[in-house]
Amino acid sequence: MTIRNGSAKELEFSDNSLVKELYGENNDNLKEIEGHYGIKIHSRGGKLNLEGEEQGVESADRFLREIYGLLEKGYTLDPSDIELAARIVDEGKIRLADVFLDTVCISTRKRIIAPKSIAQKVYIESIRKHDIVFGIGPAGTGKTYLAMAMAVSAFVNKEVNRIVLTRPAVEAGEKLGFLPGDLSQKVDPYLRPLLDALYDMMDYDKASRLVEKGAIEIAPLAFMRGRTLNDAFIILDEAQNTTSMQMKMFLTRLGYSSKAVITGDTTQVDLAASERSGLLEAEMLMKKIEGISFVYFSKNDVVRHPLVRKIIEAYEKYS
């Protein structure tokens, strides 16, 4: 029941176990909601009193109802979800449940992997519908992580026979040949982010066995030349560091019953000044081709530490 009284509202929730999760430890979730909407929240059992400016109270009321609805459907609320969920509810374009409950896969730590922003929702829908998808945006927006989740899901559900993970070996001017060890040791530093995401979603021993069998292949982009990749889910990460020739080579590797996801940040190109980014060129050439989708992320889609969004903001202003 909701009682209206100017800029005050009272909400009542019946399930005590869900109420505890909604409020958070030491009412931390409520404190964060107070700060986001600029209101005061007083709790007593399952009852909440919201006080403040009318718009803030109305928005917080809608937000609390949607979050509680998630909990009723079995969603496990993480403290980091509050700010991300508030952005979605505030935009008012889509129901929170349609985003947060769209499970892609479940990690080895039994954590549900699902989109946490509208752009992320659009991204996974695009991957489901299209054979080639470009995810472009700043660090921390989940481009690579969600692509990996979709790849693992497709592999587990036998939609593809293998996963191929690749990146250009370009890191601050360092070349593979300057690193010690065999090929695996040379490649590892470049592909570590992809491996980290893989091991978060699949048991380490199982993933290692699949890598040994070739069902999961992790290789630098140069090793893709001359191949045709059928029945595969292919992820090209850090694509802003591909040259024009490398991007063309990669895109023409796609075989039957395969998907390719290309991720990158066009503001973080590490190529020499004389070389044009293959991602920037592909963005210009491929936008009107049916079957290819471009999804763009912004600082509002950052799902890392809240400071990451502020750091990106600061650099944008400086640029």
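The values are calculated or read from the model by the stated rules, or taken from the named source; none is laboratory data. From a predicted model like this one, the values you see are computed outputs, not experimental measurements. No Cβ is skipped: glycine too gets one built from the backbone with ideal geometry, and neighbour counts run over all protein chains shown. Heads up: the accessible areas ignore ligands, DNA and RNA and are worked out on the full protein's heavy atoms, side chains in. Shrake-Rupley method; radii C 1.70, N 1.55, O 1.52, S 1.80 Å.
Contact map, region 196-217: residues that are under 21 Å from A260 (Cβ atoms) paired with residues that are assigned to a loop (DSSP other than H, G, I, E, B), Cβ distance under 6 Å, separation 6+ or inter-chain. Pairs shown: M201/S107. Considering (1) surrounded by fewer than 16 Cβ atoms within 10 Å (Cβ to Cβ); (2) at pLDDT 90 or above; (3) among the hydroxyl-bearing types (S, T, Y), the lone condition that Y204 does not fulfil carries the number (2). The set of residues in region 41-56 being of a type outside the set (S, T, Y) and within 10 Å of E10 (Cα to Cα) consists of I41, H42, K47, L48, N49, L50, E51. All of (1) modelled with pLDDT of 90 or more; (2) touching a Ser or Thr at 6+ places or on another chain (Cβ under 8 Å) hold for C105 with one exception: (1). Restricting the first member to region 221-238 and to residues that are closer than 14 Å to N161 by Cα, and the second to residues that are among the small types (G, A, S) and part of a strand (DSSP E or B), the beta-carbon pairs closer than 9 Å and six or more apart or on different chains are L229/A260; A232/A260; F233/A260; I234/A260. Note on region 269-302: residues that are open to solvent by 60 Å² or more (accessible area, probe 1.4 Å), under 30 Å from S80 (Cα atoms) and modelled with pLDDT under 95 amount to 1.
Looking at region 257-270, is at least one residue free of Cβ contacts under 8 Å to residues at least 40 places away in the same chain, more than 18 Å from M150 (Cβ to Cβ) and among the charged types (D, E, K, R)? Scanning region 257-270, I find no residue that is free of Cβ contacts under 8 Å to residues at least 40 places away in the same chain, more than 18 Å from M150 (Cβ to Cβ) and among the charged types (D, E, K, R), so the answer is no.
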